[in-house]
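One structure is given below, encoded as structure tokens.
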Amino acid sequence: MAREDNRRRGRDRDETPEFADRLVAINRVSKTVKGGKRFGFAALVVVGDQKGRVGFGKGKAKEVPEAIRKATEQAKRQMIRVPLREGRTLHHDIEGRHGAGKVVMRPAPAGTGIIAGGPMRAVFEMLGLQDVVSKSIGSQNPYNMIRATMDGLMKESSPRMVAQRRGRKVSEILPKAHEPAPAATAKQAEA
């Protein structure tokens with residue numbers, strides 16, 4: 001009876017996966033001991049719901065599947081929420097740093113796609129970004145690149161967050177589309 005319940009629970013969990021995950025890197029590590037070498041594996045995984053939540057985790061084990069499982073569990077515990085503009089791009093330019101890794105991320109017009117290197121691309125796809133331009137400067141280590149990307153994404157703020165911080169309305173923060181820039185009106189007044 002208990003075995004049947006477990007199967008039912010497992011099947012329900014598999015049918016509706018809440019999060020998508022992406023394996024970014026697998027590293028084989030060895031420890032030299034008296035009898036020879038012992039091999040282990042380190043996995044780096046990015047997990048996201050593709051609607052604005054993303055996290056990363058790393059796991060180490062003697063077998064690859066176990067390392068991936070540990071990394072996925074850690075990633076699910078460390079998820080952050082990132083505000084997206086129109087559900088497809090960033091609100092503003094962001095710079096993220098971690099150690100020697102530095103990344104620059106910029107919003108892009110619709111149809112641009114994800115222009116990013118390997119580990120950063122995995123983070124953006126799991127986050128649900130569709131249009132973004134990014135560049136990694138410095139460290140090419142996938143761990144540092146992902147940490148720098150996450151650092152930048154934590155700095156992301158939406159107009160709603162800025163308005164709340166300043167004690168204003170969102171309409172006061174955003175520029176009006178139909179009004180000309182203030183500098184242009186000053187020049188026209190002189191002419």
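The values are calculated or read from the model by the stated rules, or taken from the named source; none is laboratory data. Predicted, not measured: the structure shown is a model, and the values here were computed from it. A quick note on method: Cβ atoms are made from the backbone with ideal geometry, for glycine too, and the neighbour counts reach across all protein chains shown.
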Would you be able to say whether some residue in segment 46-59 is surrounded by fewer than 19 Cβ atoms within 10 Å (Cβ to Cβ), of a type in the set (Gly, Ala, Ser), over 30 Å from residue 109 (Cβ atoms) and free of Cβ contacts under 8 Å to residues at least 24 places away in the same chain?
no
The conditions are (1) outside any helix (DSSP H, G or I); (2) in contact with a Pro (Cβ under 8 Å, 6 or more places away or on another chain), and residue 97 fails exactly one of them. Which is it?
(2)
Picked from segment 111-129 (must be without any contact (Cβ under 8 Å) to a residue 40 or more places away in the chain and in a loop (DSSP other than H, G, I, E, B)), the residue surrounded by the fewest Cβ atoms within 10 Å (Cβ to Cβ) is 111
Residue list for segment 89-110, restricted to those being surrounded by fewer than 18 Cβ atoms within 10 Å (Cβ to Cβ) and more than 24 Å from residue 159 (Cβ to Cβ)
97, 99, 100
List the pairs whose first member sits in segment 81-110 and is more than 16 Å from residue 133 (Cβ to Cβ) and in contact (Cβ under 8 Å) with a residue 24 or more places away in the chain, whose second member is surrounded by 20 or more Cβ atoms within 10 Å (Cβ to Cβ) and polar (S, T, N, Q), and whose Cβ atoms are under 6 Å apart, counting only residues at least 6 apart or on separate chains?
98/144; 99/144; 101/144
Looking only at segment 79-88, decide whether some residue is buried (at least 18 other Cβ atoms within 10 Å of the Cβ) and either out of contact with any Gly (no Cβ under 9 Å at 6 or more places or on another chain) or at pLDDT 95 or above (or both).
no
Take the conditions among the small types (Gly, Ala, Ser), under 18 Å from the mean Cα position of the chain (by Cα) and in a strand (DSSP E or B) and apply them to residue 87. Does it pass?
no
Segment 20-45, residues that are more than 18 Å from residue 149 (Cβ to Cβ) and in contact (Cβ under 8 Å) with a residue 40 or more places away in the chain
26
